[in-house]
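Take a look at the structure below.
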Amino acid sequence: MTIPLLICDDSNMARKQVARSLPEEWEAEITFAKNGLEALDAIRAGKGEIVFLDLTMPEMDGYGVLETVKNEGLKAMVIVISGDIQPEAQERVTALGALAFIKKTCQPG
């Protein structure tokens, strides 16, 4: 069974890094989004049952995506990936329905 998986981050390098880190045995159909608006379009189209979501992005941030997913009852299991998150932010994303939080590692260069 193929899993519709969405990776949403405004950094192309970060999107590629997340995709490369997925287990090889996952049968995933990967969709990429550069901002929250693109992510919501993909989720509504059924392309994001599992979502890896950055918080800080242009046009619509990760918080806006989480709020919309929750308010519209969209089917998406969201895992937040962010580099700089305060405990309050982690509590907020959890309250908005995120399943987990992964701290984004620093990228060289």
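The values are calculated or read from the model by the stated rules, or taken from the named source; none is laboratory data. Keep in mind that this is a model prediction, so the values were computed, not measured. Quick reminder, even Gly has a Cβ in these numbers, built from the backbone with ideal geometry, and neighbours come from all protein chains shown.
The residue that is nearest to Tyr63 (Cα to Cα), among those in the stretch 1-37 that are small (Gly, Ala, Ser) and in contact (Cβ under 8 Å) with a residue 24 or more places away in the chain, is Gly36. Quick one: how many residues across the stretch 50-65 are over 17 Å from Arg15 (Cα atoms) and out of contact with any helix residue (DSSP H, G or I) (no Cβ under 6 Å at 6 or more places or on another chain)? Number satisfying all stated conditions: 1. Scanning the stretch 2-34 for residues being assigned to a loop (DSSP other than H, G, I, E, B), out of contact with any helix residue (DSSP H, G or I) (no Cβ under 9 Å at 6 or more places or on another chain) and not acidic (Asp, Glu) gives a total of 4. Of all residues in the stretch 2-37, those that are under 15 Å from Gly64 (Cα atoms) and either basic (Lys, Arg) or surrounded by 19 or more Cβ atoms within 10 Å (Cβ to Cβ) (or both) total 6.
Only residues that are of a type outside the set (D, E, K, R), in contact (Cβ under 8 Å) with a residue 24 or more places away in the chain and either surrounded by fewer than 16 Cβ atoms within 10 Å (Cβ to Cβ) or in a loop (DSSP other than H, G, I, E, B) (or both): list them for the stretch 38-76, please.
Result: Gly46, Gly48, Leu55, Thr56, Met57, Pro58, Met60, Leu74, Ala76.
Quick check on my filter: what residues within the stretch 12-70 are charged (D, E, K, R), touching a strand residue (DSSP E or B) at 6+ places or on another chain (Cβ under 9 Å), at pLDDT 95 or above and over 22 Å from Ile85 (Cα atoms)? Correct list: Glu29, Glu38, Asp41, Lys47, Glu49. Among the conditions (1) within 19 Å of Lys104 (Cα to Cα); (2) out of contact with any Leu (no Cβ under 9 Å at 6 or more places or on another chain); (3) not charged (D, E, K, R), Phe52 misses just one, which is (2).
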